[in-house]
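Shown next, in structure tokens, is the structure this report addresses.
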Amino acid sequence: MKEGKICYLCGHDVFNKREGKVRDNPNLEVFQCVKCGLIFLSSFEHIDDSFYENSLMHGGAINVKDWEIETSWDDERRFNYLRKALENKDVLDFGCGNGGFMMRARNCAALVEGVEVERRLEAHFRKKKLKVYKNLDEINNKYDIITAFHVIEHIKDPVNLLRKLATLLKENGLIIVEVPNGDDALITLYRCKAFAEFTYWSCHLFLFNDLTIKMLVEKAGLNLMYVKQIQRYPLANHLYWLSFGMPGGHKKWGFIDSGPLNKEYENALAKLGLCDTLIAGISK
């Protein structure tokens with residue numbers, strides 16, 4: 001156990017060190033609060049105000065075309081999940097990345113805008129005719145739906161961020177947040193050592209689970225409407241990790257996922273709270 005720092009959510013000062021390592025920074029450790037279960041890095045000092053503005057999350061370079069291909073399946077999944085909710089609505093995608101979700105959402109939404117601090121994407125946004133703000137302070141509109149896909153785990157003060165996003169909601173609006181699940185089955189159920197030495201990343205300052213995402217929303221003074229467990233990576237991916245200690249099983253063993261077994265596996269993990277991803281709906 002480690003003492004000293006204070007848990008961001010519950011104020012407790014005793015933490016366990018999680019097994020594994022931060023794949024891109026050996027100087028960082030991963031802690032978990034023994035009281036509420038919040039998972040966080042031992043230091044946030046490596047992330048300054050300009051970090052995400054200058055492609056440092058991407059190693060200092062961006063190939064937008066490759067990035068669009070890489071994220072297209074997630075963009076499609078998110079759009080299909082939200083398609084009905086987006087119809088004729090005003091939508092803001094906070095941390096919109098390359099804009100893949102925005103380009104799909106504008107096919108049915110009334111208005112789609114984004115926020116992205118990455119400066120090297122500005123020409124890309126102009127080419128795609130996407131309205132993307134550099135920060136929340138530039139925005140004068142209100143929105144029915146605000147999305148934040150795999151963003152708040154990157155933020156040093158996610159409570160304050162949620163509060164700011166809530167000020168941009170229309171009456172009865174909804175913030176939809178997607179985050180990695182800190183209780184991922186490969187870590188907590190299978191205790192896969194190779195995965196525990198791969199999944200932690202210096203850009204993920206926090207990891208949440210069903211309980212701590214609820215606590216986060218309550219601390220922001222907002223209302224949690226739902227939390228849904230989603231398994232982004234299929235059964236083949238898990239089997240490959242357990243067999244070879246490597247990612248990519250969904251590409252090499254895709255035949256495993258072609259039938260109903262993968263959906264049954266996702267449902268089983270969801271009941272245990274051990275899927276790899278959480279989607280939360282938040283209102284004022």
- Query: What Cys residues in the chain are without a partner cysteine, judged by a Cβ distance under 4.7 Å?
  - Reply: C96, C108, C192, C203, C275
- Note on the structure: Given 165-177, 65-77, 207-219, the highest-first ranking by average Cβ count within 10 Å works out to 207-219, 165-177, 65-77
- Using the beta-carbon distance between E264 and S243 and R0 = 22 Å, what value does 1/(1 + (r/R0)^6) give for FRET efficiency, to the nearest 0.05? 0.60
- Cα-based radius of gyration of the chain once divided by 2.2 N^0.38 Å, which approximates compact folds: 0.99
- Just for region 49-283, what percent of DSSP beta bridges are antiparallel, to the closest 5? 40 percent
- Step through the residues of region 229-239 one at a time and calculate ³J(HN,Hα) from phi using the Karplus curve (6.51 cos²θ - 1.76 cosθ + 1.60, θ = phi - 60°), rounding each to whole Hz and writing x for Gly and Pro. 8, 10, 9, 5, 9, x, 3, 4, 5, 5, 4
- Given a cut-off of 20 Å, name the pairs among K214/K271; K134/K156; K228/K263; K89/K127; K134/K164; K164/K219 whose C-alpha atoms lie farther apart than that in the structure shown. K89/K127
- Query: Okay, helix-only estimate at 222 nm for the chain: each DSSP H run of n ≥ 4 adds -39500 (n - 2.57), divide by all residues, round to 500 deg cm²/dmol; what do you get?
  - Reply: -9000 deg cm²/dmol
- Item | Estimated vicinal HN-Hα couplings, Hz - region 29-35 in sequence order (Karplus 6.51, -1.76, 1.60; Gly, Pro = x) | 10, 10, 10, 9, 5, 6, 8
- Message: As a test, work out the antiparallel percent of DSSP beta bridges whose residues both lie in region 157-284, rounded to the nearest 5.
- Response: 95 percent
- Note on the structure: Amide H neighbours of D90 at under 5 Å, excluding residues fewer than 5 places away on the same chain, with H built from the backbone geometry, are A110, L111, D144, I145
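Each reported figure results from applying straightforward, stated rules to the coordinates on display, with no laboratory input. The structure presented is a predicted model; accordingly, all values stated were derived computationally and were not measured. Positions of Cβ are generated from backbone atoms using ideal geometry, with glycine treated the same way; all protein chains shown enter the neighbour counts.
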